[in-house]
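Below: the structure, in structure tokens.
FYI, it's all coordinate maths here, none of it is from the lab. Model, not experiment: these values are computed from the prediction. Glycine also receives a Cβ, built like all others from the backbone with ideal geometry; neighbour counts cover every protein chain displayed.
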Ligand code: PEP
């Protein structure tokens with residue numbers, strides 16, 4: 001039986017002022033019932049984390065950081081340390097393709113961020129996924145393997161169950177030019193590659209218990225198809241998470257899903 005946690009993660013990216021984020025949270029709170037089965041995780045911009053952490057019902061929503069720097073403190077102008085946001089968040093998105101390709105985040109930093117989050121009792125949501133070029137060159141598996149190996153470099157066997165993986169093929173993320181939605185078969189293949197590689201690195205049990213999410217141009221019309229994929233434990237949503245009707249509909253679909261692959 002599948003005992004993995006299920007998720008819907010909203011990445012609000014660089015949208016909403018603090019006031020707008022608060023009003024939007026209020027709107028969602030009035031429409032979404034708390035669920036013990038589903039973790040509904042909201043990732044507002046860093047400045048909204050503190051006020052929203054006072055506003056949320058933590059049985060209804062959890063908060064995630066979109067970014068942080070992995071060192072505890074020091075001369076790192078413009079950065080935010082986990083020690084400064086630890087009390088506000090339960091999750092942190094790490095290695096998002098916009099961090100990797102717009103801001104040039106390096107594999108070493110991603111690995112350090114994953115390790116720092118675990119040390120701070122925050123669940124890292126490690127984003128991985130091949131680019132359109134990787135895919136064209138037949139390098140999808142190699143890209144997934146190498147991002148997993150390097151992103152999890154500092155994670156011990158004891159701690160691997162504290163990590164969530166989000167498979168986000170870069171070519172499917174709506175902010176990219178020529179983005180096109182992934183087909184379920186693409187995701188099925190990637191999910192298998194991910195669990196196979198986790199099994200190689202950490203053993204069979206870890207590969208069966210780690211939560212794997214999908215992200216890339218999901219909306220209320222496509223969500224059900226993705227949620228029905230065996231081995232996919234939820235969704236990471238960008239654009240559609242900014243629209244209450246879209247996001248609430250996706251949450252309702254996720255609450256209803258049962259995908260219980262027998263391993
Ligand atoms: C994302 O940026 O992580 C994402 C999945 O965005 P979108 O849903 O807009 O493709």
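Please work out which residue is nearest to the ligand (Cβ to nearest atom), limiting yourself to region 213-231 and to residues that are buried (at least 23 other Cβ atoms within 10 Å of the Cβ) and outside any helix (DSSP H, G or I). Restricting to residues being buried (at least 23 other Cβ atoms within 10 Å of the Cβ) and outside any helix (DSSP H, G or I), the top hit is 215. Against the criterion of being buried (at least 17 other Cβ atoms within 10 Å of the Cβ), free of Cβ contacts under 8 Å to residues at least 24 places away in the same chain and over 19 Å from residue 242 (Cβ atoms), residue 92 does not qualify. Selection of region 88-109 for residues being within 16 Å of the ligand (Cβ to nearest atom), over 13 Å from the mean Cα position of the chain (by Cα) and part of a loop (DSSP other than H, G, I, E, B) yields 102, 103, 105.
Residues in region 19-51 that are closer than 26 Å to residue 176 by Cα and either over 18 Å from the mean Cα position of the chain (by Cα) or part of a helix (DSSP H, G or I) (or both): 20, 21, 24, 46, 47, 48. Under 22 Å from residue 118 (Cα atoms) and either within 16 Å of the ligand (Cβ to nearest atom) or free of Cβ contacts under 8 Å to residues at least 40 places away in the same chain (or both): is that true of residue 30 in this structure? Considered against the rule, which asks whether it is under 22 Å from residue 118 (Cα atoms) and either within 16 Å of the ligand (Cβ to nearest atom) or free of Cβ contacts under 8 Å to residues at least 40 places away in the same chain (or both), residue 30 comes out as no.
Scanning region 148-193 for residues that are part of a helix (DSSP H, G or I), closer than 23 Å to residue 209 by Cβ and within 15 Å of the ligand (Cβ to nearest atom) turns up 187, 190. For residue 145, the criteria (1) away from the ligand (no atom under 16 Å from the Cβ); (2) assigned to a helix (DSSP H, G or I); (3) in contact with a strand residue (DSSP E or B) (Cβ under 6 Å, 6 or more places away or on another chain) hold in every case but one, which is (3). If you go through region 194-212 one residue at a time, do you hit one that is away from the ligand (no atom under 15 Å from the Cβ), buried (at least 16 other Cβ atoms within 10 Å of the Cβ), part of a loop (DSSP other than H, G, I, E, B) and more than 18 Å from the chain's Cα centre (by Cα)? Within region 194-212, not a single residue is away from the ligand (no atom under 15 Å from the Cβ), buried (at least 16 other Cβ atoms within 10 Å of the Cβ), part of a loop (DSSP other than H, G, I, E, B) and more than 18 Å from the chain's Cα centre (by Cα).
Against the list (1) free of Cβ contacts under 8 Å to residues at least 12 places away in the same chain; (2) over 28 Å from residue 172 (Cβ atoms), the condition residue 102 fails is (2).
Selection of region 12-27 for residues being over 15 Å from residue 61 (Cα atoms) and surrounded by 13 or more Cβ atoms within 10 Å (Cβ to Cβ) yields 13, 15, 16, 18, 20.
Taking region 243-261 as the search range and keeping residues that are assigned to a helix (DSSP H, G or I) and touching a helix residue (DSSP H, G or I) at 6+ places or on another chain (Cβ under 8 Å), which one is farthest from residue 45 (Cα to Cα)? Of everything passing the filter in region 243-261, 253 is farthest from residue 45 (Cα to Cα).
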